[in-house]
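Working notes, beginning with the structure itself.
Values quoted throughout were computed directly from the atomic coordinates according to the rules given, and no laboratory measurement underlies them. Bear in mind that the values here come from a model prediction, so they are computed numbers and not experimental data. Every residue, glycine among them, receives a Cβ derived from its backbone with ideal geometry; neighbour counts consider all protein chains shown.
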Amino acid sequence: MSPTADYDAVVIGAGFAGLYMVYRLREDGFRVLGVEAGDGVGGTWYWNRYPGARCDSESMYYSFSFLPELEQEWPLEERYPTQPVILRYLRTVAQRLGLPKHFVFGARADSVRWNDEAGWWTVRAGDRLAVTARYVITATGALSASNRPQFAGASLFEGEQYSTASWPDGPVPLASKRAGLIGTGSSGVQVLPELARQAQSVTVFQRTAQFVTPARQERLDPRLVALWKANYQEIRRRTKWTAGGIPIPSPIRSAAELSAAERTALCEEAWRRGGIWFLDGTFSDAVTSLEANAVVAGFVRAKIGEIVTDPDTAEKLKPWTHAWGTKRVPVGSDYYETYNRPNVSLVDLRQDPIEEITPRGIRTRSGEHPLDVIVYATGFDALTGSIERLNVEGRDGERLEDAWAGGPRTYLGLMVPGFPNLFTITGPGSPGVVTNVPVAIEQHVEWIAGLLGYAREHGHKTAEAEPGAADEWTAHVQDVASATLYPTADSWYMGANIPGKPRVFLPYIGGLDVYRRRCDEIAAAGYPGIGMGTPAGTLGAPAAAEAGHGAG
Ligand code: N01
């Protein structure tokens with residue numbers, strides 16, 4: 001047995017998180033290998049290429065903060081960046097920092113096993129790769145393990161079937177085709193207007209009506225961009241200390257403090273501005289008080305009634321099954337307006353459920369809907385799915401899936417007891433998905449890199465979350481959520497979209513600023529809650545490895 005692992009660290013994933021983690025560790029002198037299932041960098045933005053894919057975070061906030069030169073050069077043209085623009089950005093970052101050579105692409109990690117005796121992990125990717133590493137960092141994305149419901153008869157469908165989460169890289173001809181769209185979350189809301197423009201007809205199969213917020217997509221005023229760029233670093237500094245990773249003022253007044261006219265005026269103004277300004281811009285108690293929530297929900301339902309001309313369709317589109325904001329609110333462009341097109345129709349699956357997919361279309365209780373194309377926008381096994389699908393086995397061969405059978409248990413959303421030297425980025429217990437994600441990713445990466453540096457400096461071979469610390473954090477995550485209306489909804493936040501998944505609140509919603517402070521305090525205090533293991537003295541040997549080392 002070799003006395004040292006092949007690498008100090010293996011990072012799984014080449015999206016925002018994987019790229020920055022590999023860069024950070026390389027700069028800190030660790031021997032690091034990136035492993036990526038796709039043929040190139042991009043992560044979420046590599047796979048989700050469906051027409052209409054855009055980020056909900058505005059362009060100026062959706063980038064790395066540690067590349068001051070690139071942020072000055074990078075053109076900011078539209079309020080929300082499109083998928084091709086974000087992918088181009090990540091490719092540019094990877095090239096500039098010389099990162100692709102540290103990655104093995106086209107390798108889907110499918111086994112991650114701890115060897116207690118050696119004190120390292122073995123990471124395999126089918127027959128593409130088998131390497132050992134002291135540390136493993138999962139940068140697999142919180143929303144990347146796609147969920148494709150198994151409808152009876154789906155394999156017999158004679159038309160084409162696509163998933164928004166793995167859209168083909170190339171044109172999908174839709175003209176003169178009858179398309180069916182299953183799913184009306186953020187992906188379905190974005191793809192629908194494009195499908196309607198391109199296809200002969202679109203039938204939307206809606207299980208749960210959503211509260212969609214208008215994006216108000218627009219071209220950015222170059223003067224605003226110039227002003228922004230002149231102050232970028234100061235804005236970044238402030239952004240780090242916001243709850244959601246976007247520096248906009250939080251509402252200070254509860255709905256109860258306002259008259260009916262003031263509430264309406266406030267909602268109207270937030271709706272006019274769109275996007276985050278509506279999501280975070282109405283009342284301080286919009287997701288904690290049923291009364292305040294009802295005001296926002298009623299406002300959106302009224303808007304749906306105003307926009308959608310067919311009263312029956314408008315009624316089906318009005319959400320009544322959950323409180324506003326408790327399922328992730330999609331941000332859309334012309335979503336409700338699209339239902340006014342003559343080639344778009346809506347099936348309410350709560351009234352008229354899918355019975356099967358036939359060779360010619362989708363049969364619901366009321367009859368068959370003939371289709372040439374079916375598009376699944378049916379979401380993800382969020383936060384835990386992409387990590388569990390790695391088949392992680394920790395100390396004593398314990399499977400992560402078993403350890404999390406009753407719900408994920410983590411310390412700070414970053415470490416798991418029983419799984420030494422394993423770190424998760426934007427996993428369960430992390431605030432990642434409820435923030436502007438790159439800001440949370442940078443925090444996670446820097447904290448993990450800090451801990452690895454500390455362990456190297458002190459000669460520690462292993463770092464492992466203590467059970468008590470993980471229990472305390474896991475309970476805290478639930479407590480914070482319980483003070484809000486979030487747990488009342490059947491959402492992916494609650495794991496409710498995946499049959500059999502434990503129903504616990506997955507992300508930390510106490511705020512990125514609060515979370516950052518806690519992480520900083522823990523680091524400053526020498527990492528209480530984390531057991532550090534015996535000296536090894538083999539970490540951080542001169543970086544020499546190139547991707548492909550150990551590839552089998
Ligand atoms: O997935 P979703 P998504 N039969 O889970 C329906 C991020 N994101 O890919 O609500 C019929 O939200 C399901 O119905 P229901 C963002 O964080 C960001 O759209 O479970 N329908 C729902 O309508 C987002 O929240 C961006 O009843 C079924 C839909 O499929 C997250 O990713 C863009 C079904 C799934 O909606 C996930 O969004 C896209 C079944 N068996 C995504 N199973 C931007 O930044 C599921 N559904 C712009």
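Each Lys and Arg contributes +1 and each Asp and Glu -1, all at the Cβ; summed about the Cα centre of segment 39-103, the dipole is approximately 280 debye.
Taken about its Cα centre, segment 249-310 carries a charge dipole of roughly 100 debye when the Cβ of each Lys and Arg holds +1 and the Cβ of each Asp and Glu holds -1. The angle between the Cα long axis of helix 186-198 and the longest principal axis of the Cα atoms of the chain comes to about 50 degrees, rounded to the nearest 10.
For a straight C-alpha distance cut-off of 16 angstrom, the lysines reachable from Lys327 (same-chain residues fewer than eight places away being disregarded) are Lys318. The label point for Leu70 and the one for Asn340, both projected 7 Å from the Cα toward the Cβ, are 4.1 nm apart. Annotation note: GluC sites (Glu not before Pro) in segment 57-162 located in DSSP loop regions with a Cβ neighbour count of at most 13 within 10 Å are Glu77, Glu117, Glu158. Could you tell me the distance between the Cα centroids of segment 41-98 and segment 466-488, to the nearest Å? One Cα centre to the other: 33 Å. By the count of neighbouring beta-carbon atoms within 10 Å, fewest first, Tyr23, Tyr7 end up ordered Tyr23, Tyr7.
Once both labels are positioned 7 Å from their Cα atoms along Cα-to-Cβ, the gap between Leu227 and Arg272 label points is 1.8 nm.
What residues from segment 263-285 fall in the zone where the backbone N is under 20 Å from a label point 7 Å along the Cα-to-C-beta line of Ala483? Only 280-285 fall inside the zone, counting backbone N under 20 Å.
Using all pairs of distinct alpha-carbon atoms, the Kirkwood hydrodynamic radius of segment 1-76 works out to 14.6 angstrom.
Rounded to the nearest 0.05, what FRET efficiency is calculated for Ser366 and Arg113 with R0 set to 60 Å and r the Cβ-Cβ distance? Approximately 0.75, to the nearest 0.05.
Residues Asp110, Asp39, arranged from fewest to most other Cβ atoms within 10 angstrom of their Cβ, appear as Asp39, Asp110.
Rounded to the nearest 0.05, the FRET efficiency derived from the C-beta distance between Glu160 and Ile248 at R0 = 51 Å is 0.80.
Each part reduced to its alpha carbon centroid, segment 181-228 and segment 395-459 end up 33 Å apart.
Relative to the longest principal axis of the Cα atoms of the chain, helix 83-96 runs at roughly 20 degrees. Residue separation of Asp312 and Ser176 scaled by 0.36 nm, minus their Cα-Cα distance, works out to 46.3 nm of gained length.
Taking the DSSP bridge list for segment 115-223 and keeping only pairs wholly inside it, about 55 percent are antiparallel.
The antiparallel fraction among DSSP beta bridges confined to the chain stands at about 45%. Each Cα pair under 8 Å and six or more residues apart adds its sequence gap; the mean of these over the residue count of the chain is a relative contact order of 22 percent.
Considering the options Val112, Val287, Pro173, tell which one lies farthest towards the positive end of the dipole of the chain, charges being +1 on Lys and Arg and -1 on Asp and Glu at the Cβ, about the Cα centre. Of the listed residues, the answer is Pro173. Per-residue ellipticity at 222 nm, computed for the chain from helices alone with -39500 (n - 2.57) per DSSP H run of at least four residues, works out to -9000 deg cm²/dmol. Once the Cβ-Cβ distance of Gln200 and Arg88 is raised to the sixth power relative to R0 = 25 Å, the FRET efficiency obtained is 0.20. When the Cα convex hull of the chain is projected onto planes of every orientation, the mean area is 25.1 nm².
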